[in-house]
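The values are calculated or read from the model by the stated rules, or taken from the named source; none is laboratory data. Model, not experiment: these values are computed from the prediction. Ideal geometry is used to build each Cβ from the backbone, glycine not excepted, and the neighbour counts take in all protein chains shown. The accessibility values were calculated without ligands, DNA or RNA, using every heavy atom of the protein model including side chains. Shrake-Rupley method; radii C 1.70, N 1.55, O 1.52, S 1.80 Å.
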Amino acid sequence: MRTLWLPAIVASICLACASTARAQAASAPAAPDNIQRLLNNVEQLVLAGDVIGYLDLVSGNANRARAVDFTRSEIQPGATRVVVKERDRVPFGSTVPPTGYRVVADVFVEYGQRGRVSTWQLDLQRRGDDLQIFDQQRLSAVERLFRISLDPDKQFTATGLTIHLEDIDITFDAG
């Protein structure tokens, strides 16, 4: 009877160790790859309003006028916060590693109390170990986003307030 339990205990311990190792590997952040490093660099350039720095990332055989037009509309001075997040990437070419990538990224730029959200498509090409921007375009944008905040020094009184929504009605007698 004792020998039947021993293999079960050993198997349980092995499974527990494997599960713990898998959970730790899944929770560990992945090291940034070349694309993520480039997007982090673009994020810092947009925050600084550095058009020239962005153009330095553009490949020499890219359409320079198109890149300049893009930077004029997308990189504005005065940003107080910028977040660039990769949404999708598709490799170019049939070689390993690929010759380039088409990356779609969501870009949030805050200018004090207002902001904008846009989606960019960046075509990147490999130059040795680095990636350069070959083409770029804005796919969509939402402008004039405003941060709304409450003034804690101002208080209001609501009496008989009713809020009607599709699935619920809320009534405040006094508050």
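The residue list E143, E166 contains one member that is within 30 Å of R87 (Cα to Cα) and among the charged types (D, E, K, R), which is E143. Applying the criterion of being open to solvent by less than 80 Å² (accessible area, probe 1.4 Å) and of a type in the set (S, T, N, Q) to the residues of segment 124-172, the residue that is farthest from F108 (Cα to Cα) is T162. Against the condition surrounded by 12 or more Cβ atoms within 10 Å (Cβ to Cβ) and within 29 Å of L47 (Cβ to Cβ), how does Q113 come out, does it pass? In short, no. Taking strands (runs of 3 or more DSSP E) as the structural unit, those lying wholly within segment 67-164 and holding at least 1 residues that are under 23 Å from the mean Cα position of the chain (by Cα) and not hydrophobic (A, V, I, L, M, F, W, C) correspond to 81-92, 100-111, 114-127, 130-146. Pairing each residue of segment 55-83 that is on the phi > 0 side of the Ramachandran plot with any residue that is surrounded by 13 or more Cβ atoms within 10 Å (Cβ to Cβ), provided the two are 6+ apart or on different chains, yields C-beta distances under 7 Å for G78/G49; G78/Y111. Under the condition of being open to solvent by 60 Å² or more (accessible area, probe 1.4 Å), more than 14 Å from the chain's Cα centre (by Cα) and under 19 Å from R126 (Cβ atoms), the residues counted in segment 31-61 number 4.
G175 meets all of the listed conditions (1) open to solvent by 70 Å² or more (accessible area, probe 1.4 Å); (2) touching a strand residue (DSSP E or B) at 6+ places or on another chain (Cβ under 8 Å); (3) more than 22 Å from A62 (Cα to Cα) but one, namely (1). The numbered conditions (1) under 14 Å from the mean Cα position of the chain (by Cα); (2) surrounded by fewer than 19 Cβ atoms within 10 Å (Cβ to Cβ); (3) farther than 23 Å from L145 by Cβ are all true for R64 except (1).
If you go through segment 60-92 and pick out every residue that is touching a helix residue (DSSP H, G or I) at 6+ places or on another chain (Cβ under 9 Å) and not acidic (D, E), you end up with 17. Only a single criterion out of (1) modelled with pLDDT of 95 or more; (2) open to solvent by 90 Å² or more (accessible area, probe 1.4 Å) is not satisfied by T119, namely (2). Please verify whether segment 74-89 includes one or more residues that are open to solvent by less than 70 Å² (accessible area, probe 1.4 Å), out of contact with any His (no Cβ under 7 Å at 6 or more places or on another chain) and more than 30 Å from I148 (Cβ to Cβ). The answer is no; no qualifying residue exists.
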